[in-house]
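**Q** My questions all concern the structure below.
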Amino acid sequence: MDDFALFAGSASPHLGAAVAAYLGQPLGASETLRFSEGNLFVRVGENVRGRDTFLIQSTAFPANDNFMELLFWIDALKRASAASVTAVIPYFSYAKGDKKDEPRVSIRARVCADAIEVAGADRVVTLDLHTPQVQGFFKIPVDDLYALPVLCEAVRAKGLATLVVVAPDTGFAKKARLWADRLGAPLAIADKRRTDHSETAEVVELMGDVDGRAALIVDDFTVSAGTLVEAARVLESRGAGPIHAVVTHGLLTGAAVDRLANSPLQTLFITDSVETQPTALPPNVEVVSVAGLFGEAIHRIARRESISVLFR
């Protein structure tokens, strides 16, 4: 039951190695080549005939290249006669494109789901999908893991007293309530307004008492860190402090790094679901590994055991 093969694509080599270390087995031999015109080539370097295989590959920086590489890995493993291929996607970049909310636009997450299935994946394992309905775009099983237990332990280690959990917008309030319940803290909600497709939004109001409390802003991902930093400044103006933030997926560009370095945020906790950020992370960003979470999920899938027990 433990005879499975584990591989990592070029977007997740460090997380892949950490998962392999957790499982006590080496990563499978593999190779990714990039030709001068941008063409990708992948090669499985060992026999996988009749074996269950797991391929760890995130899809960010660059999202399209890494997504195409994921498809090529799935196809290569299927053509090598693997018994099954599980695509482990720590960050599924197009999950935000889950609906047709304006005329003449693509439902990008559905297109990606179709492509993953056609390539030959038998199962998908991912982490904190932006919206849970994306699971319904697949006809194959999808295990959407939650980083909340791992990140809550990192927050507890800070020993924050009189903590208040802050949702960055009303849409995240339900998930933020889970954080508040687990940490035994009250909940406050920021009212965020976004007027276009830019990666910034404006915090226009704050609902809840934060004066004299340590604040923890929670969200599933951040790209520009604009909302986090603006929310932190609003919290600071309302008497909160110290102010921390936690997000599962830290998609931090150069602009985000500059904002964070000059913000009221003492700490931003992120996971290692993305490890290809284009610039070095600032000192106030703390990376929490989810290798153990993925490793345990892979172990349980290989043994045909329940994954839901990890989150009870």
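The values are calculated or read from the model by the stated rules, or taken from the named source; none is laboratory data. Remember, predicted model here, so these are calculated numbers, not experimental data. Please note: Cβ atoms are built from the backbone with ideal geometry, for glycine as well, and neighbour counts cover all protein chains shown.
**Q** Looking at Arg233, is it in contact with a Gly (Cβ under 7 Å, 6 or more places away or on another chain), farther than 30 Å from Ala87 by Cα and either outside the structural domain of Ala21 (by TED's automatic domain parsing) or not in a strand (DSSP E or B) (or both)? Before you say what the answer is, go through the steps one by one.
**A** Numbers: in contact with a Gly (Cβ under 7 Å, 6 or more places away or on another chain): no; farther than 30 Å from Ala87 by Cα: yes; either outside the structural domain of Ala21 (by TED's automatic domain parsing) or not in a strand (DSSP E or B) (or both): yes.
When the stated conditions are applied, Arg233 does not pass them.
**Q** In this structure, is Arg304 outside any helix (DSSP H, G or I), over 18 Å from the mean Cα position of the chain (by Cα) and modelled with pLDDT of 90 or more? Show your work before the answer.
**A** Working: outside any helix (DSSP H, G or I): yes; over 18 Å from the mean Cα position of the chain (by Cα): yes; modelled with pLDDT of 90 or more: yes.
Taking the combined requirement at face value, the residue satisfies it.
**Q** Now, a different point. Does Ala95 satisfy the condition of being out of contact with any helix residue (DSSP H, G or I) (no Cβ under 9 Å at 6 or more places or on another chain), of a type in the set (A, V, I, L, M) and not assigned by TED's automatic domain parsing to the domain that holds Thr279?
**A** On the way: out of contact with any helix residue (DSSP H, G or I) (no Cβ under 9 Å at 6 or more places or on another chain): no; of a type in the set (A, V, I, L, M): yes; not assigned by TED's automatic domain parsing to the domain that holds Thr279: yes.
Criteria not met by Ala95.
**Q** What number of residues in the stretch 255-274 are surrounded by fewer than 22 Cβ atoms within 10 Å (Cβ to Cβ) and more than 17 Å from Glu230 (Cα to Cα)?
**A** Summing the residues that are surrounded by fewer than 22 Cβ atoms within 10 Å (Cβ to Cβ) and more than 17 Å from Glu230 (Cα to Cα) in the stretch 255-274 gives 1.
**Q** Then there is this: What pairs come up if the first residue lies in the stretch 161-186 and is among the acidic types (Asp, Glu), the second is at pLDDT below 95, and their beta carbons are under 6 Å apart, counting only those six or more places apart or on different chains?
**A** From the stretch 161-186, the pairs are Asp169/Lys192.
**Q** I'm trying to understand the selection: among the residues of the stretch 51-94, which are under 27 Å from Leu252 (Cα atoms), hydroxyl-bearing (Ser, Thr, Tyr) and part of a loop (DSSP other than H, G, I, E, B)?
**A** Hits for the stretch 51-94 are Ser58, Thr59, Tyr91.
**Q** Let me ask something additional. With at pLDDT 95 or above, part of a strand (DSSP E or B), charged (D, E, K, R) and in contact with a Leu (Cβ under 8 Å, 6 or more places away or on another chain) as the only criterion, which of Glu286, Glu296, Glu275 stands out? Walk me through how you get there before you give the answer.
**A** Details: Glu296 fails: part of a strand (DSSP E or B); Glu275 fails: part of a strand (DSSP E or B).
On inspection, the qualifying residue turns out to be Glu286.
**Q** All but one of (1) free of Cβ contacts under 8 Å to residues at least 40 places away in the same chain; (2) part of a helix (DSSP H, G or I); (3) within 25 Å of Ala302 (Cβ to Cβ); (4) out of contact with any helix residue (DSSP H, G or I) (no Cβ under 8 Å at 6 or more places or on another chain) hold for Ala113; which doesn't?
**A** In the conditions (1) free of Cβ contacts under 8 Å to residues at least 40 places away in the same chain; (2) part of a helix (DSSP H, G or I); (3) within 25 Å of Ala302 (Cβ to Cβ); (4) out of contact with any helix residue (DSSP H, G or I) (no Cβ under 8 Å at 6 or more places or on another chain), Ala113 misses (4) alone.
**Q** Search the stretch 123-150 for residues that are in a loop (DSSP other than H, G, I, E, B) and pair each with any residue that is among the aromatic types (Phe, Trp, Tyr) and at pLDDT below 95 when their beta-carbon atoms are under 8 Å apart and the residues are at least 6 apart or on different chains.
**A** Filtered contacts from the stretch 123-150: Asp128/Phe221; His130/Phe221; Tyr146/Phe311.
**Q** With the checklist (1) under 20 Å from Ile116 (Cβ atoms); (2) assigned to a loop (DSSP other than H, G, I, E, B); (3) without any contact (Cβ under 8 Å) to a residue 24 or more places away in the chain in hand, flag the one item Gln25 doesn't pass.
**A** Checking Gln25 against (1) under 20 Å from Ile116 (Cβ atoms); (2) assigned to a loop (DSSP other than H, G, I, E, B); (3) without any contact (Cβ under 8 Å) to a residue 24 or more places away in the chain, the one that fails is (1).
**Q** Select from the stretch 300-312 the residues that are under 26 Å from Gly50 (Cα atoms) and in contact with a strand residue (DSSP E or B) (Cβ under 9 Å, 6 or more places away or on another chain) and list them in ascending order.
**A** From the stretch 300-312, those under 26 Å from Gly50 (Cα atoms) are 300-307; that's our starting set.
Selection gives Ile301, Ala302, Ile307.
**Q** Also: Only one residue in Ala225, Ala245, Ala232 is free of Cβ contacts under 8 Å to residues at least 60 places away in the same chain and within 21 Å of Ala63 (Cα to Cα). Which one? Lay out the reasoning, then the answer.
**A** Details: Ala245 fails: within 21 Å of Ala63 (Cα to Cα); Ala232 fails: within 21 Å of Ala63 (Cα to Cα).
Result: Ala225 is the single residue among Ala225, Ala245, Ala232 that is free of Cβ contacts under 8 Å to residues at least 60 places away in the same chain and within 21 Å of Ala63 (Cα to Cα).
**Q** Hey, among Glu296, Glu305, which residue is without any contact (Cβ under 8 Å) to a residue 24 or more places away in the chain, outside the structural domain of Lys175 (by TED's automatic domain parsing) and either touching a helix residue (DSSP H, G or I) at 6+ places or on another chain (Cβ under 9 Å) or of a type outside the set (Ser, Thr, Tyr) (or both)? Explain how you work it out, then say what you get.
**A** On the way: Glu296 fails: without any contact (Cβ under 8 Å) to a residue 24 or more places away in the chain.
The conditions single out Glu305.
**Q** Give the residues of the stretch 79-99 that are within 23 Å of the chain's Cα centre (by Cα) and without any contact (Cβ under 8 Å) to a residue 60 or more places away in the chain, sorted by residue number.
**A** Within the stretch 79-99, the first condition is being within 23 Å of the chain's Cα centre (by Cα), and the residues that meet it are 85-99.
Val85, Ala87, Ile89, Phe92, Ser93, Tyr94, Ala95, Lys96, Gly97, Asp98, Lys99, listed by residue number.
**Q** Now, a different point. Mind telling me which of the residues Leu206, Leu160, Leu127 ends up being at pLDDT 95 or above and in contact with a strand residue (DSSP E or B) (Cβ under 7 Å, 6 or more places away or on another chain)?
**A** Values: Leu206 fails: at pLDDT 95 or above; Leu160 fails: at pLDDT 95 or above.
Sole residue among the options that is at pLDDT 95 or above and in contact with a strand residue (DSSP E or B) (Cβ under 7 Å, 6 or more places away or on another chain): Leu127.
**Q** Something else now. Got at least one residue in the stretch 93-109 being touching a Ser or Thr at 6+ places or on another chain (Cβ under 8 Å), surrounded by 18 or more Cβ atoms within 10 Å (Cβ to Cβ), more than 30 Å from Gly241 (Cα to Cα) and hydroxyl-bearing (Ser, Thr, Tyr)?
**A** So far as the stretch 93-109 goes, yes, one or more of its residues are touching a Ser or Thr at 6+ places or on another chain (Cβ under 8 Å), surrounded by 18 or more Cβ atoms within 10 Å (Cβ to Cβ), more than 30 Å from Gly241 (Cα to Cα) and hydroxyl-bearing (Ser, Thr, Tyr).
**Q** Could you list all residues from the stretch 240-269 that are within 23 Å of Pro149 (Cα to Cα) and either touching a Phe, Trp or Tyr at 6+ places or on another chain (Cβ under 9 Å) or acidic (Asp, Glu) (or both)? Spell out how you get there, then give the answer.
**A** The initial filter retains those residues of the stretch 240-269 that are within 23 Å of Pro149 (Cα to Cα), namely 242-252, 265-269.
Across the stretch 240-269, the qualifying residues are His244, Ala245, Val246, Val247, Thr248, His249, Gly250, Leu251.
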